[in-house]
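The values are calculated or read from the model by the stated rules, or taken from the named source; none is laboratory data. Since this is a predicted model, take the numbers as computed values, not measurements. Note: ideal-geometry Cβ built from the backbone for every residue, glycine included; neighbour counts use all protein chains shown. Accessible surface is based on the protein model in full, side chains and every heavy atom, while ligands, DNA and RNA are left aside. Shrake-Rupley method; radii C 1.70, N 1.55, O 1.52, S 1.80 Å.
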Amino acid sequence: TQAQSAKTNTVNERLIAELKAATEAENGPNTKMGEKLRDSFRYSDKTDAEREAALEAARDLNGVNPIVTILASFFAFGMAYAFWTATQFLGELFLAHPDSADAPYAFVRSASVFRNVVMGLSSLASGFSAVSGLGVFLLGLRVAYGVVTGELD
């Protein structure tokens, strides 16, 4: 009788559901904190069309004031100059005050690491600010060009 016969594809559906559950258990969070933060760290649910629309909206330069943009770039250039001045000052300070010859070896090594980290971070901040300032300045020039030619409003 048909009522007593097995349903077709039930074994496959059960196996697929078991595989999906095992994959979720393996890739899912392992702690209570992970369970709480599960949805915080996931890729956007936007479709490709929505992502493209968001990128096009971000590329639209209409409404950007070129004067404000160019003036803002000078702030970034000022930050780059301040960081570079601080880097030079710190370099001279570290050069003028070396570790004493009778200091313990561990202290000399840790002081050397500290000096390298401070010099590296200050010079990195200087370069980052300079490149950001250049980018914002060039953006302001591009917007100003677009306004002059009538391409942008």
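Is one or more of the residues making up region 73-86 farther than 22 Å from residue 131 by Cβ and open to solvent by less than 100 Å² (accessible area, probe 1.4 Å)? No, the conditions are met nowhere in region 73-86. Of all the numbered requirements in (1) closer than 24 Å to residue 83 by Cα; (2) touching a residue at least 60 places away in the same chain (Cβ under 8 Å), residue 119 misses one, and that requirement is (2). If residue 83 passes every condition in (1) closer than 21 Å to residue 151 by Cα; (2) at pLDDT 85 or above; (3) hydrophobic (A, V, I, L, M, F, W, C) but one, which one does it miss? Of the numbered conditions (1) closer than 21 Å to residue 151 by Cα; (2) at pLDDT 85 or above; (3) hydrophobic (A, V, I, L, M, F, W, C), the odd one out for residue 83 is (1). Among the residues making up region 87-114, a single one is under 26 Å from the mean Cα position of the chain (by Cα) and surrounded by 12 or more Cβ atoms within 10 Å (Cβ to Cβ): 87.
Within region 115-140, the set of residues being open to solvent by less than 70 Å² (accessible area, probe 1.4 Å) and over 30 Å from residue 69 (Cβ atoms) comprises 115, 118, 119, 120. Listed conditions (1) among the aliphatic types (A, V, I, L, M); (2) at pLDDT 80 or above; (3) open to solvent by 70 Å² or more (accessible area, probe 1.4 Å) are all met by residue 6, apart from (2). In region 8-33, the residues that are part of a helix (DSSP H, G or I) form no Cβ pair under 7 Å with any partner that is open to solvent by less than 100 Å² (accessible area, probe 1.4 Å), whether six or more places apart or across chains.
What about residue 13, is it more than 30 Å from the chain's Cα centre (by Cα), at pLDDT 95 or above and open to solvent by 70 Å² or more (accessible area, probe 1.4 Å)? So residue 13 fails the test.
Answer yes if at least one residue in region 49-62 is surrounded by 11 or more Cβ atoms within 10 Å (Cβ to Cβ), assigned to a loop (DSSP other than H, G, I, E, B) and not charged (D, E, K, R), and no otherwise. There is at least one residue in region 49-62 that is surrounded by 11 or more Cβ atoms within 10 Å (Cβ to Cβ), assigned to a loop (DSSP other than H, G, I, E, B) and not charged (D, E, K, R).
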